[in-house]
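Student: Please read through the structure below; I'll follow up with questions.
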Amino acid sequence: MKKKFLFIFLFMVLGVASGFLTYKVILLSKKVAVPDLKGQPPQAAMNALKDLGLRFEIKSEDFDPVVPQGYIVSQEPAPGENVRLDTPVQVALSLGPSTPRTPSVLGKTLDEAVSLLNAAGLKILNIISIYSGNQPKGTIIAQDPNLDEKSGPVSVIVSNGPSEVSYYCPDFTGMSIAQAQNLAAGLGLEPVFDNAVGFGAGGQNVISQKPDPGAKIAAGQKVFLSLGQPNVMGPAMGNI
């Protein structure tokens, strides 16, 4: 009796297992069409695939000028392709439009910067000029956005070179050559002596000058000084 019961039990187990395997084979052999997931958010795509008996997998992320960031931009298998149940559908999510990076224009001239930025599809919005003792005149010393930041309209700061110190020209008349040289050196001026005017090569004092006393001058400018005899202008001036 027990052997008969055991036989019947085993027969039932084998029947159930065989039926399950047959069902599984039939189920897995069934094919469904892959839906078009492009432009959908991940959760909606996952739900749609689950309802069809397919699996959802994120494979990569790609830039796309149309599909918003975080939405599906492509898929594999392609839409409409017939696949077996439980097949994974791999998708790529959009990173949004690809934004070019700002190239560096530091140390470039303004013309060079314009060409470089135009090649990158960018334009200079603002140009600011400042004096700089460290950078040559006409070169760019700063930019915004900075190098490799997301691009947009670019603002640049251009060097005007060292600041020009301007003041009123002193009166050199009556000074000796040494006195005039010392004063000119202290002001950053370049004295140019001309002893062909006045009383000839023997002159030792300044009798005239260009620019005139009181005229506006800048550092580095030349001052032309004519020499003459000391007794024409009176006693020489004391030490400066």
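The values are calculated or read from the model by the stated rules, or taken from the named source; none is laboratory data. Computed from a prediction, not measured in an experiment: that's the story for all the values here. As a convention, Cβ positions derive from the backbone with ideal geometry for all residues, glycine included, and neighbour counts pool all protein chains shown.
Student: Name the pairs: first residue in region 94-122 and not assigned by TED's automatic domain parsing to the domain that holds residue 135, second residue of a type in the set (Gly, Ala, Ser) and assigned to a helix (DSSP H, G or I), Cβ to Cβ under 8 Å, at least 6 apart or on different chains?
Tutor: 105/113
Student: Within the set of pairs 6 or more residues apart or between chains, which connect a residue that is assigned to a loop (DSSP other than H, G, I, E, B) inside region 159-175 to a residue that is modelled with pLDDT under 85 with Cβ atoms less than 6 Å apart?
Tutor: Partner pairs satisfying both residue conditions: 160/131; 162/133; 163/131; 164/218; 165/219; 174/233; 174/237; 175/237.
Matching residues to (1) surrounded by 14 or more Cβ atoms within 10 Å (Cβ to Cβ); (2) over 30 Å from residue 40 (Cα atoms):
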residue	(1), (2)
87	yes, no
91	yes, no
102	yes, yes
128	no, yes
132	yes, yes
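Student: In region 65-76, which residues are surrounded by 21 or more Cβ atoms within 10 Å (Cβ to Cβ) and at pLDDT below 95?
Tutor: Hit for region 65-76 is 67, nothing else.
Student: Looking for whichever is in contact with a strand residue (DSSP E or B) (Cβ under 6 Å, 6 or more places away or on another chain) and under 29 Å from residue 157 (Cβ atoms) here; the options are 33, 113, 92, 120. Which one fits?
Tutor: Of the residues listed, the single one that is in contact with a strand residue (DSSP E or B) (Cβ under 6 Å, 6 or more places away or on another chain) and under 29 Å from residue 157 (Cβ atoms) is 113.
Student: Kindly provide the set of residues from region 58-77 that are within 7 Å of residue 92 (Cα to Cα) and more than 28 Å from the chain's Cα centre (by Cα), ordered by number. Explain how you work it out, then say what you get.
Tutor: Looking only at region 58-77, we keep the residues that are within 7 Å of residue 92 (Cα to Cα), and these are 58-62, 72-75.
Result: 58, 59, 72, 73, 74, 75.
Student: Here's another thing I want to ask about it. Would you mind stating whether residue 102 is of a type outside the set (Lys, Arg), closer than 30 Å to residue 134 by Cα and modelled with pLDDT under 95? Outline the logic, then answer.
Tutor: On the way: of a type outside the set (Lys, Arg): yes; closer than 30 Å to residue 134 by Cα: yes; modelled with pLDDT under 95: yes.
In short, yes.
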